[in-house]
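Single-structure report; data block below.
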Amino acid sequence: MAEPAISFQGVTRRYPQKGGAGDVVALQDIALDVPQGAITGIIGRSGAGKSTLLRMVNGLERPSSGQVIVNGHDVGAASDSALRGIRREVGMIFQHFNLLASRTVAQNIALPLEIAGVDPLNISRRVEELIARVGLTAQTSRYPAELSGGQKQRVGIARALATGPRVLLSDEATSALDPDTTRQVLDLLKDINRDLGLTILLITHEMAVVRDICSHVAVIEAGKIVEAGETYAVFSRPTHPTTRSFLQGVTGVAVPQFVAGQLRPEPDSPQAEAVVQITFTGRHATDPMLARLTSERGVSVNILAGAIEEIGDKPFGSLIVGLPLARLDESRRFLEEHGLLTEVLGYVG
Amino acid sequence: MSANLIPILWESLLQTLYMVAMSTALGTLIGAPLGIFLATSRRGELLSAPVLNSVLGLIVNAARSTPFIILVVAIIPLTRLIAGTSIGTTAAIVPLTIAAAPFIARLIETAIREVDAGLIEAARAMGATPGQIVRKVLIPEAMPGIILGLTLAVVSLIGYSAMVGAVGGEGLGDLGIRYGYQRFMPEVMLAVVIILIVLVQLVQSLGEWIAARFDKRAPRNRGR
């Protein structure tokens, strides 16, 4: 397997408290590899430590112990001047854009190039290229105050790409944007990831962002990674309660109101119907498994709700069905043998 | 008011402008670096030097809490050392500068502290050195605030310059006291006051105009 672009190895971050009341542990023994050229999402609630974790990649935060390896450099141990070199290989975008109000779009994008000491002629050529890349040619000499949120984030992205980094860090880049604009910014990130082979590490509190663009995900809770892997695998088999709660409402479907009201944890009679959530993964997502359950086993299936969407570029389906109690175990076995996941949500009648 | 007072008023105005301009320029020369340092050197900040920050902060506060008229006489030996004399318009520039520098330092510190910390973080993430952050981010972003602060300093110095008559500083304030008060010529006093009002108005309007030119934070009204 290829070297990971970023590797956290036993990373712990403690903040000493005033008055010696013991340290606050922001991150505890984090081990995580961020694959080269992929989009990886770190999801967690506010205060979970995701922001601290992200800032370790470009040395804005340093680990108390453990190592953060980025493009082969040990960031935590780098000297100030070595760190400045590493930072030019790592772009960063922010929730509140952090654009200079006193500079135009073009001048904002030029800033990292000026800092890196690029000569003015090459700066203007590169800036023009970047502005075209993010689709802001008409706004070149506007000031940030004259731009919409989505346009500001495009400037932020162009600025982050200016020095040709290999890694892009995104700190809640879409959290201040409306759903349409979020969509556009995520599409742009996906495009540059594909076109430039750029490794993107993003933090978010929205599972929808992970679903839409991340091929890999790590779930962080109280300073610890509780679950990590390919988005697809984590979404289809969430093991940690935090992951499950993030997934609610993002994948699959909800039990319809009229059924939810009658749902019981145990069947009231042998004639009851079991309400089962079926998750379709991988190639099975497109197989007509329910039709086969009916035709081959003679089980009548009552479809209550369902949806198929794309996660990590693979189809991901979720159905809620009613199955006769008498045939429940047999049906579940049949479906699981064919690679589907089933979960009994409750019983009706 | 007799016509022969006009040249005296004119000469006094020029003396005032000379003192204010010189002390603003010299005060900024000392106050600006001091203000930038004060704004960036607390613990954990860009140029983190908490001890020096506290010491300089203390000196600035001490200078600012000394009443100006006391400062003028207290530093007469220093004035004589620097200007060669302790009397006259040029000599008056010394106490004016010493009063202006810490004031300007605090005004610039305040303006720089107004700059969003997110911008400093963004610049650090780009690999900027502390010097680059000061030059390319903090000063340009704080410029509207710095200009308004300097305007306030100039207006204050116009007021202070009226007090340096005590050490033979001349200028409009001195003229007002000597002719208007000591020689019972209220029309001179009135003329001085009116000139000072106009002068302060001009300085304030000019400062606000320049600051607005630098301020890109609000969308401009286009097509007017």
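Every read-out reported here was derived from the displayed coordinates using simple, explicitly stated rules and does not represent laboratory data. Computed from a prediction, not measured in an experiment: that's the story for all the values here. Because the Cβ atoms are built from the backbone with ideal geometry, glycine has one as well, and the counts that use them run over all protein chains shown.
Return the calculated 222 nm mean residue ellipticity for chain A, to the nearest 500 deg cm²/dmol, obtained by summing -39500 (n - 2.57) across DSSP H runs with n ≥ 4 and dividing by the residue count.
Details: 12 runs with 115 residues, N = 349.
It comes out at -9500 deg cm²/dmol, rounded to the nearest 500.
So for B:Met185, B:Met126, A:Met56, fewest C-beta neighbours within 10 Å to most, what's the order? It would help to have the intermediate numbers written out before the result.
Values: B:Met185 18, B:Met126 29, A:Met56 23.
Fewest to most other Cβ atoms nearby, the residues stand as B:Met185, A:Met56, B:Met126.
HN-Hα J couplings of the stretch A:44-59 from phi, Karplus 6.51/-1.76/1.60, θ = phi - 60°, integer Hz, Gly and Pro as x?
Those phi angles translate into x, 6, 5, x, 6, x, 5, 5, 4, 4, 4, 6, 6, 5, 10, x Hz.
Taking the Cα centroid of the stretch A:167-235 and of the stretch B:23-74, what is the distance between the two, rounded to the nearest whole Å?
Result: 46 Å between the Cα centres.
Within chain B, which complete DSSP H helices have Cα atoms spanning at least 20 Å along the helix axis and a mean Kyte-Doolittle hydropathy of 1.0 or higher? Walk me through the intermediate numbers first.
Working: long enough: B:5-40 (51 Å, 1.45); B:50-65 (22 Å, 1.06); B:89-113 (35 Å, 1.25); B:139-161 (31 Å, 1.55); B:186-214 (42 Å, 1.73).
The qualifying helices are B:5-40, B:50-65, B:89-113, B:139-161, B:186-214.
With everything on Cα atoms, drop me the angle between helix A:105-115 and the longest principal axis of chain A, reported from 0 to 90° to the nearest 10.
70 degrees
Quick one: which residues, 5+ away or cross-chain, put their amide H under 5 Å from the amide H of A:Glu61? H built at 1.01 Å from N.
A:Met56
Among residues other than B:Gly57 whose Cβ falls under 11 Å from its Cβ, what is the net charge (Lys/Arg +1, Asp/Glu -1)? Write down the numbers at each step before the final one.
Details: positive: B:Arg42, B:Arg64, B:Arg106; negative: B:Glu109.
Around B:Gly57, the charge tally is +2.
Under a GNM of chain A (C-alpha, springs under 10 Å), which listed residue has the highest mean-square fluctuation: A:Asp33, A:Asp313, A:Asp329?
Highest fluctuation of the listed residues: A:Asp329.
Rounded to the nearest 500, what is the 222 nm mean residue ellipticity of chain B from helices alone, with -39500 (n - 2.57) per DSSP H run of 4+ residues and division by all residues? Walk me through the numbers before you get to the answer.
Numbers: 9 runs with 157 residues, N = 224.
Result for chain B, helices only: -23500 deg cm²/dmol.
Take the alpha carbon gyration tensor of the stretch B:55-180, find the square roots of its eigenvalues, order them as a ≥ b ≥ c, and report rounded if a/c is under 1.5; if not, report prolate when a/b exceeds b/c, else oblate. It would help to have the intermediate numbers written out before the result.
Details: a/c = 3.19, a/b = 2.38, b/c = 1.34.
Because a/c hits 1.5 or more and a/b exceeds b/c, the stretch B:55-180 counts as prolate.
Relative to the longest principal axis of chain A, what angle (0 to 90°, nearest 10) does the C-alpha long axis of helix A:120-133 take?
Helix A:120-133 sits at roughly 20 degrees to that axis.
How would you classify the stretch A:257-348 from its alpha-carbon gyration tensor, with a ≥ b ≥ c the square roots of the eigenvalues: rounded for a/c under 1.5, else prolate if a/b is greater than b/c, otherwise oblate? Provide the component values of the computation, followed by the final result.
On the way: a/c = 2.30, a/b = 1.44, b/c = 1.59.
It comes out oblate by the Cα gyration axes.
Pick out which of A:Pro35, A:Pro270, A:Pro63 has the largest mean-square fluctuation in a Gaussian network model of chain A, springs linking Cα atoms closer than 10 Å.
With Cα springs under 10 Å in chain A, the top fluctuation among A:Pro35, A:Pro270, A:Pro63 is at A:Pro270.
Given a cut-off of under 8 Å on Cα pairs at least six residues apart, what relative contact order in percent is computed for chain A?
Numbers: 689 pairs, mean separation 60.0, N = 349.
Taking the mean separation of contacting Cα pairs over the length of chain A, I get 17 percent.
Starting at the first residue of the stretch A:221-229, write each ³J(HN,Hα) from the Karplus equation 6.51 cos²θ - 1.76 cosθ + 1.60 with θ = phi - 60°, in whole Hz, x for Gly and Pro.
Here the 3J(HN,Hα) series is 9, 6, x, 10, 7, 9, 6, 8, x Hz.
Given the C-alpha atoms of chain A, compute the convex hull and give its volume per residue in Å³.
Working: hull volume 62.3 nm³, N = 349.
Dividing the Cα hull volume of chain A by its residues yields 179 Å³.
Could you list the GluC sites (Glu not before Pro) in the stretch A:172-244 that lie in coil according to DSSP, counting only those with at most 14 other Cβ atoms within 10 Å of their Cβ? List each step's numbers first, then the result.
Numbers: sites: A:Glu172, A:Glu206, A:Glu221, A:Glu227, A:Glu230; in loops: A:Glu172, A:Glu206.
When the GluC sites (Glu not before Pro) of the stretch A:172-244 are filtered for loop state and at most 14 Cβ neighbours within 10 Å, nothing remains.
When Rg is the radius of gyration of the Cα atoms in the stretch B:5-214 and Rh is its Kirkwood radius, what does Rg/Rh come to? List each step's numbers first, then the result.
Numbers: Rg = 19.5 Å, Rh = 18.5 Å.
In the stretch B:5-214, Rg relative to Rh is 1.06.
Amide H to amide H under 5 Å from A:Ile39: which residues, 5+ apart in sequence or cross-chain, H placed 1.01 Å off N in plane?
Result for A:Ile39 returns A:Ile200, A:Ser215, A:His216.
What is the sum of charges, Lys and Arg at +1 and Asp and Glu at -1, for the other residues whose Cβ falls under 14 Å from the Cβ of B:Val193?
So the surrounding residues net to -2.
Kindly write out, for the stretch A:262-276 in residue order, the coupling ³J(HN,Hα) from the Karplus curve 6.51 cos²θ - 1.76 cosθ + 1.60 (θ = phi - 60°), rounded to whole Hz, with x marking Gly and Pro.
Result, ordered by residue: 9, 5, 10, x, 10, x, 7, 8, x, 8, 5, 9, 8, 9, 10 Hz.
Taking the 0 to 90 degree range and rounding to the nearest ten, how far is the long axis of helix A:179-196 tilted relative to the main principal axis of chain A, both from C-alpha atoms?
That works out to roughly 70 degrees.
Of A:Lys152/B:Lys136; A:Lys18/A:Lys224; A:Lys152/A:Lys224; A:Lys190/B:Lys216; A:Lys18/A:Lys152; A:Lys50/A:Lys152, which ones are farther than 28 Å apart at the Cα?
Details: A:Lys152/B:Lys136 19 Å; A:Lys18/A:Lys224 24 Å; A:Lys152/A:Lys224 33 Å; A:Lys190/B:Lys216 32 Å; A:Lys18/A:Lys152 38 Å; A:Lys50/A:Lys152 23 Å.
In this structure, A:Lys152/A:Lys224; A:Lys190/B:Lys216; A:Lys18/A:Lys152 exceed 28 Å between Cα atoms.
Using Cβ contacts closer than 10 Å as the measure, can you line up A:Lys152, B:Lys136, A:Lys224 from fewest to most? Don't skip to the answer; put the middle values down first.
Numbers: A:Lys152 24, B:Lys136 19, A:Lys224 15.
Placing the least packed residue first, the sequence is A:Lys224, B:Lys136, A:Lys152.
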